[in-house]
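Enquirer: Questions regarding the structure given below will be posed in turn.
The values are calculated or read from the model by the stated rules, or taken from the named source; none is laboratory data. Computed from a predicted structure; not experimentally measured. In this analysis, Cβ positions are derived from the backbone assuming ideal geometry, glycine residues included, and neighbour counts consider all displayed protein chains.
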Amino acid sequence: MSQQDNIIAVLDAGSSKVRAMIAEIHEGALRYRGHGVADAAGMRKGLISDLGPAAAAIDRAAVAAETSAQTVIERCVVAVGGPHIRGVNSRGGISLGTRLREITREDVRAAVDRARSIAMPADREILHLLPQQFILDEQPGILDPVGMVGNRLEVNLHIATSSASAQQSIITSANRAGLEVTETVFEALAAAEATLSADEREMGVCLLDIGASTSELVVYFEGSVAHTSVVPVGGDHFTNDLAVGLHVTAPEAEWLKCNYGHAVVTSVAQDSEVELTGLPGYEPRMVSQRLISEILEPRARELFQLLRDNLRQGGVLEAMGAGCVLTGGGGRLPGLLETAESLLRVPARLASPVPLSRMPAELAAPEFSVLTGTLLYAHRTSVTRAAENQGLRAKLRAILAGSV
């Protein structure tokens, strides 16, 4: 059975969970069909360390999604993240000749190709080419120069790159699960598709997707991507701190974090206590809820100090007129918004993805932002490609008609 043309399947293979979602294109819009979630395996620090278990986890999530959607998928778009993602800005352009002439789509591609021609290590692979603005005869701020006239076309370009081997490991794992990967998308870009408004992108905003092992980020300014990067701190770091500090198992530490955790000590009542089961062989005991926060607060401050340093190094710390948007499962920890506002000195909010038609209410949660955004991204790019292909076919027909 082959995958229907109007079906889009996406995959988010995280360090904690593997999520798959299937949607159909109905009257030009996306409509939810089904999803599946499985515990991740074969992952370490945001990277695949064992292909076999990773492929098995992807297969479990995909089969659950297929069962839910009552369809079979063969192809998917995969969200990628991890500490290997890097972003860089570049500029390049082409001369159009001595006489003014109209800019074509081919000229735009040529300018982008010139800007992307930067020296990169052999193990790096381009993930996204994201034009920030075009400059036509030294006139900046042009979003789409096609149809305009000029002598020289330049482009400011943001290039998101990944480790070729790390990306290939994800693709190979999906292939072993019986899925062909048609495209990969940076997790933070995907999350932005599902959470950010056009006004936020225009004013300047940082989106931070807090995953289990790492936190991926993207900064928009004047409607375009200005910066992409990864901070090497995620939700698991908070959990591990609790497990070590309180001498409890990792599952109990995760439960404590989700139910009693707070990133600001002074926001927790002094007389509040929690019973701990503790490690096997030890008696249950009571601990102050403030002690839990005393362990979590330094890690929260470290996360946003690293983010602040990253934004400053990228030259975008002052470009966040609309503030900072947190998403991802790790963003749910109470007190993170206050910590972000304190250290970044901008407003902060927690974002959930915009719901698709027929999507269950429980999926409108921060941990599904990447998955939902990947669907929206895949749909938007497919529509754009279809429009371009239609334009090319029209041109060919015109050329052939003229030659008869």
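Enquirer: Find the residue count for segment 258-282, including only residues that are of a type outside the set (Val, Ile, Thr), more than 19 Å from Leu337 (Cα to Cα), in contact with a Ser or Thr (Cβ under 9 Å, 6 or more places away or on another chain) and in a loop (DSSP other than H, G, I, E, B).
Expert: Looking only at that region, the number is 6.
Enquirer: Another one. Within segment 349-365, does at least one residue satisfy the condition of being in contact with a Leu (Cβ under 6 Å, 6 or more places away or on another chain) and modelled with pLDDT of 90 or more?
Expert: Checked segment 349-365: at least one residue is in contact with a Leu (Cβ under 6 Å, 6 or more places away or on another chain) and modelled with pLDDT of 90 or more.
Enquirer: Would you confirm whether any residue within segment 345-360 is of a type in the set (D, E, K, R) and either in contact (Cβ under 8 Å) with a residue 12 or more places away in the chain or in a helix (DSSP H, G or I) (or both)?
Expert: Yes, because at least one residue in segment 345-360 is of a type in the set (D, E, K, R) and either in contact (Cβ under 8 Å) with a residue 12 or more places away in the chain or in a helix (DSSP H, G or I) (or both).
Enquirer: Can you find, within segment 133-163, the residue that is surrounded by the fewest Cβ atoms within 10 Å (Cβ to Cβ) among those that are under 12 Å from Ile103 (Cβ atoms) and of a type in the set (D, E, K, R)?
Expert: The selected residue is Asp144.
Enquirer: Another question, then. What residue, of Ala41, Ala119, Ala110, is surrounded by fewer than 18 Cβ atoms within 10 Å (Cβ to Cβ), without any contact (Cβ under 8 Å) to a residue 12 or more places away in the chain and either closer than 25 Å to Phe186 by Cβ or not basic (Lys, Arg) (or both)?
Expert: Being surrounded by fewer than 18 Cβ atoms within 10 Å (Cβ to Cβ), without any contact (Cβ under 8 Å) to a residue 12 or more places away in the chain and either closer than 25 Å to Phe186 by Cβ or not basic (Lys, Arg) (or both) holds for just one of Ala41, Ala119, Ala110, which is Ala119.
Enquirer: Scan Arg101, Arg86 and give me the residue that is among the basic types (Lys, Arg) and surrounded by 14 or more Cβ atoms within 10 Å (Cβ to Cβ).
Expert: Every option except Arg86 fails the conditions.
Enquirer: Still on this structure: From Val218, Val248, Val233, which residue is part of a strand (DSSP E or B), of a type outside the set (Phe, Trp, Tyr) and in contact with a strand residue (DSSP E or B) (Cβ under 8 Å, 6 or more places away or on another chain)?
Expert: On inspection, the qualifying residue turns out to be Val218.
Enquirer: Are any residues in segment 283-331 under 21 Å from Ala351 (Cα atoms) and part of a strand (DSSP E or B), and if so, which ones?
Expert: Residues satisfying the conditions are Cys324, Val325, Leu326, Thr327.
Enquirer: If you take the residues of segment 184-223 that are polar (S, T, N, Q) and touching a helix residue (DSSP H, G or I) at 6+ places or on another chain (Cβ under 8 Å), which of them is surrounded by the fewest Cβ atoms within 10 Å (Cβ to Cβ)?
Expert: Checked segment 184-223; the qualifying residue surrounded by the fewest Cβ atoms within 10 Å (Cβ to Cβ) is Thr184.
Enquirer: Right, another one. Do we have Ala340 as among the small types (Gly, Ala, Ser), closer than 26 Å to Leu217 by Cβ, part of a helix (DSSP H, G or I) and touching a strand residue (DSSP E or B) at 6+ places or on another chain (Cβ under 6 Å) here?
Expert: Against the criterion (among the small types (Gly, Ala, Ser), closer than 26 Å to Leu217 by Cβ, part of a helix (DSSP H, G or I) and touching a strand residue (DSSP E or B) at 6+ places or on another chain (Cβ under 6 Å)), Ala340 qualifies.
Enquirer: Could you tell me which residue of segment 1-53 is farthest from Gly178 (Cα to Cα), considering only residues that are modelled with pLDDT under 90 and among the charged types (D, E, K, R)?
Expert: Selected residue: Glu27.
Enquirer: Ok, one more. Exactly one condition in (1) in contact with a Lys or Arg (Cβ under 9 Å, 6 or more places away or on another chain); (2) buried (at least 19 other Cβ atoms within 10 Å of the Cβ) is false for Gln167; which is it?
Expert: Of (1) in contact with a Lys or Arg (Cβ under 9 Å, 6 or more places away or on another chain); (2) buried (at least 19 other Cβ atoms within 10 Å of the Cβ), only one is false for Gln167: (1).
Enquirer: Would a scan of segment 43-54 turn up a residue that is of a type in the set (Lys, Arg) and under 23 Å from Asn240 (Cα atoms)?
Expert: For segment 43-54, residues of a type in the set (Lys, Arg) and under 23 Å from Asn240 (Cα atoms): present.
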